[in-house]
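First the structure, in the form of structure tokens, and then the observations on it.
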């Protein structure tokens, strides 16, 4: 039975069934008419046409896949009820959509003239460079004029930023920010029933309820499109309703998305409730999955013929067709003519799209990934806040006139400068407000700038980074704090899969600039073990488009903060600054009491160039030590020891910027010295040192200098004194340098 079932063309069967049902239908008077429900016939027919077009795009994709003319076949068949969301929300309501949102997109496009959603989708299927969503980089639902932000999410990782966007709409008004959308907008977020179970989804639902519980406006419409399947895994019967109907803080609504007429007013009521009450609404939309998960999915391996037939009999297009015929809106021949016209329109669009250009070079592919407008960045970085704003922030004692400070003190001053310079800037995270952060880095900012601009969040890194994306979507400049680098890994995909990919997958049409601050690295004398001494920057180096900064001293930190903020403002960049915990309060460098690691606050018109390293002893040529973070003061002490005892001149290069690596600067410094030592507290395997050494080797046309590296061990950092065993120390650095130089101890 299964063998014969595999030969059945389910797409053709569904197509033929529609024709036969319409042709053979015997009209019957509906119990409740469209007029009774207050639905205009023309409106109903328009929404139904969007459903027809969506269906034919799905059928078309499956036909053309075998010809290698289409590169994506996850379709919307059975989910066409989401067209009502396209009809009943506004095109200025930011939307974060499930991948089965074809009908929604087609219907939403009616709100704005000059858009051909069928041709746009065909371009996307064909991976054309002219695709207005991603420029041929992915099949995504996205549109700048329709306020649909492209998602590549398949596991609900877009829910945190949808929550953040909803929160930002009303928060923006509290700080008098100029929003890019109307003040009564809502955020729309759709996802599947299987995705509801993902921890990311549950975190976002919890955050929405947490905020609503405190009376914070959260105009978020959460649409769970429930077809009962997660690819082949069934959602337990009644699971979504039982788990969500009594969920505290969320208003639950159930809608049968298979019946357009019945669902119309229910969806309208849910949208109105969300918009007017500014509270999160959970819309449980019944759907059915037709044509499998994707074109390569053989459903007969896990669904019986009877189950497939029952699903196909529930086709929402059949329900809509019966309604149209029962109410006499169209005759069967006229309805079939519309059905075939939709097929023809989709086919013609696909034929045109097939001949449009595709991406043909690495440069084309990468063009929107990490834009950097250097002249604009520099001008913005050295632009000083107005005198009035600085007066309000600092009074008569400006930070550059204060005495030298440690790393924590200068970061605090730098954050105050950014808050004064950018009215749209926000500092937030766990414990950053009244407490001033775990290490008091943000102390006093809450009192100085107010609770609307410096505030605490709940303890969830995914939510914190989702908030950052949402705020930046609304034109604000978020500066979130993640307490420890080890905690960031809990939420890495919010940067890797979401924030850093937005410009890439929207072909530069959307951006979500932010500056993420993370306390990290080791050397806390065994306190806290791995979770307070995480040295892994490898995961960050692998995120395309992300800028990663790591200052070792206070003046650099303050100056680099303003550069990162300027990169966000001018180029939409996502960046992260790793702040070495062990150096936060460090005052001395060479000996106790020397104050050698206290620095003046840099004048606000001083530019710290993106990627520009800091070079100590630039005329030394015996040995180059390349390092960053905690390695800088250790290397400087080793350099002094080698000079005093062996008369060896050591140049020290503080990379400062870890991603992207300034390979040309590394090569330039290496070629000026006889030997190179890389000091990297990251783990031996995959650490930054590999990139540094590779850059030197690849540029060494006339030979490379002798090189070595000192790295951390391939292990997690243990608790207590054992931590010192796995992290590089001055003794290891000195020993490696002497081996390279061929000198004794």
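Can you give the FRET efficiency to the nearest 0.05 for residue 25 and residue 297, using r as the Cβ-Cβ distance and R₀ = 30 Å?
Numbers: r = 31 Å, r/R0 = 1.02.
With R0 = 30 Å, the Cβ-Cβ based efficiency is 0.45.
Please report, in cubic angstrom per residue, the volume enclosed by the convex hull of the alpha-carbon atoms of the stretch 13-143.
Working: hull volume 16.4 nm³, N = 131.
Hull volume normalised by residue count: 125 Å³.
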How much of the calculated P(r) for the stretch 673-745 lies past 19 Å, in percent of all Cα pairs? 42 percent
On C-alpha positions alone, give me the angle between the axis of helix 159-174 and the longest principal axis of the chain, in degrees, nearest 10. 80 degrees
Going by average Cβ density within 10 Å per residue, which order do the peptides 266-274, 601-609, 306-314 take, highest to lowest? 266-274, 601-609, 306-314
Quick one: divide the alpha-carbon radius of gyration of the stretch 335-423 by 2.2 N^0.38 Å and tell me what you get. 2.26
log10 of Debye I(q)/I(0), alpha-carbon scatterers only, for the stretch 614-741 at 0.19, 0.21, 0.22 Å⁻¹: -1.02, -1.23, -1.34
Can you tell me the 0 to 90 degree angle between the C-alpha axis of helix 41-65 and the longest principal axis of the chain, rounded to 10? 70 degrees
Going from the alpha-carbon gyration tensor of the stretch 127-225, what semi-axes, largest first and in whole Å, does one get by taking the root of 5 times each eigenvalue? 25, 20, 9
For the chain, share of DSSP beta bridges that run antiparallel, in % to the nearest 5: 15 percent
Between residue 719 and residue 443, how high is the FRET efficiency from 1/(1 + (r/R0)^6) when r is the Cβ-Cβ distance and R₀ = 45 Å? Nearest 0.05. 0.95
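What order, most packed first, do the peptides 462-468, 426-432 have when packing is the mean number of other Cβ atoms within 10 Å of each residue?
462-468, 426-432
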Would you work out the Kirkwood radius for the chain? I mean one over the mean of 1/r across all pairs of different Cα atoms, in Å. 28.2 Å
For a label point 7 Å along the Cα-to-beta-carbon line of residue 262, residues of the stretch 329-358 with backbone N under 17 Å: none
Counting DSSP beta bridges with both partners in the stretch 614-741, what percentage is antiparallel, nearest 5? 20 percent
FRET E, pair residue 66, residue 232, Förster distance 30 Å, beta-carbon r, rounded to 0.05: 0.85
Expressed in nm², what is the orientationally averaged projection area of the convex hull enclosing the Cα positions of the stretch 374-583? 11.2 nm²
How large are Rg and Dmax for the stretch 258-311 when calculated on the C-alpha trace, in angstrom? 16.7, 47
Using only alpha carbon pairs under 8 Å that are at least six residues apart, calculate the relative contact order of the stretch 374-583 and give it in whole percent. 23 percent
If one computes P(r) from the Cα atoms of the stretch 2-354, what percent of pairs lie at distances over 27 Å? 45 percent
Placing each pseudo-label 7 Å from Cα in the direction of the beta carbon, residue 684 and residue 369 end up separated by a distance in nanometres of 3.1 nm
Given points 7 Å out from each Cα along the Cα-Cβ axis, report the residue 329 to residue 698 separation in nanometres with one decimal. 5.9 nm
Ordering of 357-369, 717-729 by burial proxy (mean other Cβ atoms within 10 Å per residue, highest first): 717-729, 357-369
With 0.36 nm assigned to each residue of separation and the Cα-Cα distance removed, residue 305 to residue 672 gains 124.8 nm
Distance (nanometres) between label positions extended 7 Å along Cα→Cβ at residue 12 and residue 391: 8.1 nm
Correct semi-axes for the stretch 191-249, from √(5λ) of the alpha-carbon gyration tensor and rounded to whole Å with the largest first, are 24, 11, 9
Longest principal axis of the chain (C-alpha) makes with the long axis of helix 316-326 (C-alpha) an angle, in degrees to the nearest 10, of 30 degrees
Stretched fully, the stretch from residue 337 through residue 401 gains (0.36 nm per residue minus C-alpha distance, one decimal, in nm) 15.2 nm
Before rounding to the nearest 500, sum -39500 (n - 2.57) across all DSSP H runs of length at least 4 in the chain and divide by the residue total; then give [θ] at 222 nm in deg cm²/dmol. -12000 deg cm²/dmol
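Since every read-out is calculated from the coordinates, none of them should be taken as a lab result. What you see is a predicted model; the values in this text were computed from it and never measured. Note that we place each Cβ from the backbone using ideal geometry, even for glycine, and neighbour counts take in every protein chain shown.
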